[in-house]
Amino acid sequence: MNPADWIGRNETIHDHLSHNLLKRIAATFGDTAPVQGELMPPLWQWCFFQEPMPESALGGDGHPVRGGFLPPADNRNRMWAGGRIEFFHGLRVGESASRVSTITQVEEKTGRTGSLLFVTVRHDYSQGSRLAIREEQDIVYREPTPPKQGFGEALAAGEWCESIEPTPTLLFRYSAVTFNGHRIHYDYPYVTGTEGYPGLVVHGPLIATLSLRAFCRAHPQATLRRLVYRGVRPLIAPQPFEVGVRALCAEFDAGYWRRIDQEKAFPEAFVKALTHAGWLAAMIPLEYGGAGLGLPGYRGRCAGRGGLPD
């Protein structure tokens, strides 16, 4: 069976943005739950639109058995590799909404850890007749190999940051509110004995949610437009970590780009800054594993037209 045959498959899930579930999500994060009619905080949509499966329909890792909506990937470990999200409108609490998911790309690659199957799924979240959020989710299935450990060079300090302590309770609760059965987040004997991690793994979407929450706290007047994120290495509980932001584009304002245009020059300083910070991939096309922004997309955000730094 060719996994590429899954390209174009889609599914639609309807859900009600229940205040009761939102109270549980808020308790998980230690936040105040939004009330009826208010906008749901960004990325909380990941706690909704789940298709519940009985335990008999789950694989050994706790994920639904592949070969249904997602292509088969037997004997491989699943990881949430990253994604790109565009925010058009907020989703309102207490109202119904829908998510249409479409498989847009399936590609087999070979990396340092062996054979890798990359699957990209586009999710369109709508409320009423209006598109609220468009997301591209990257999923990778890798052969069972020891996971990459270590953190390489230390990152430069950000302009602001928040410290997070990923307790087993936080991981368990986030698995519960997202109805995520993946055992690496709560089953210590499984994650250490079968998948080879040194401890419980912090969810990729949990890290993204906490990072975006920290940004919104630091910039309450900002309007979210786009988020690009990528998983590089696993974070292991209960080791504390920090979420934060560096203002990489602060020195590349509209004046910088006007000067580049006038001189018809290549923005060498800008590219060097992104490369040094590890964000050059944001300008690489999507089909080659980047974020697909290109120079025009990145320059727009540095010149102030975007709400959220990528």
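Values quoted throughout were computed directly from the atomic coordinates according to the rules given, and no laboratory measurement underlies them. Being a predicted model, the structure only gives us computed values, none of them experimental. Neighbour counts are summed over all protein chains in view; Cβ atoms, including those assigned to glycine, are modelled from backbone coordinates with ideal geometry.
R0 = 22 Å: FRET efficiency of SER163 with ARG24, Cβ-based, nearest 0.05?
My answer for the efficiency is 0.40.
Hey, rough spin-label estimate for LYS264 and GLN105, points 7 angstrom out along Cα→Cβ, what's it come to in nanometres?
3.3
What is the calculated FRET efficiency for ALA176 to ALA254, with r their C-beta to C-beta distance and R₀ = 45 Å, to the nearest 0.05?
Step by step, r from the Cβ atoms, then E = 0.45.
What does the charge add up to near HIS123, with Lys and Arg as +1, Asp and Glu as -1, over the other residues with Cβ less than 14 Å from its Cβ?
That sum, taken over residues with Cβ under 14 Å, equals -3.
Place a point 7 Å from Cα of GLU38 in the direction of its Cβ. Which residues in the stretch 73-91 have their backbone N less than 20 Å from it?
Under 20 Å, as judged by backbone N against the label point of GLU38, lie 89-91 of the stretch 73-91.
Quote the FRET efficiency, to the nearest 0.05, computed for ASP31 versus PHE88 with a Förster distance R0 of 25 Å and r equal to the Cβ-Cβ distance.
Given R0 = 25 Å and the Cβ-Cβ separation, E is 0.60.
What is the Cα centroid distance between the stretch 40-88 and the stretch 13-30, reported in whole angstrom?
What the calculation gives is 18 Å, centre to centre.
With a cut-off of 8 Å between alpha carbons and a minimum separation of six or more residues, what is the relative contact order of the stretch 1-124 in percent?
Worked out over the stretch 1-124, it gives 38 percent.
Of the peptides 52-62, 198-208, 98-108, 28-38, how do they stack up when ordered by the mean number of other Cβ atoms within 10 Å, highest first?
In decreasing order of mean packing, 52-62, 198-208, 98-108, 28-38 become 198-208, 98-108, 28-38, 52-62.
Could you tell me which of rounded, prolate or oblate describes the stretch 174-213, using a ≥ b ≥ c as the square roots of the eigenvalues of the alpha-carbon gyration tensor, with rounded for a/c under 1.5 and, failing that, prolate when a/b is larger than b/c and oblate otherwise?
In terms of gyration-tensor shape, oblate.
Using a 7 Å offset from the Cα along the Cα-to-Cβ direction at both ALA218 and TYR188, what is the distance between the two label points in nm, to one decimal?
Modelled inter-label distance: 3.3 nm.
Label points 7 Å out from Cα along the Cβ direction at ASN10 and ASP74: separation in nm?
With each label placed 7 Å out from Cα toward Cβ, I get 3.1 nm.
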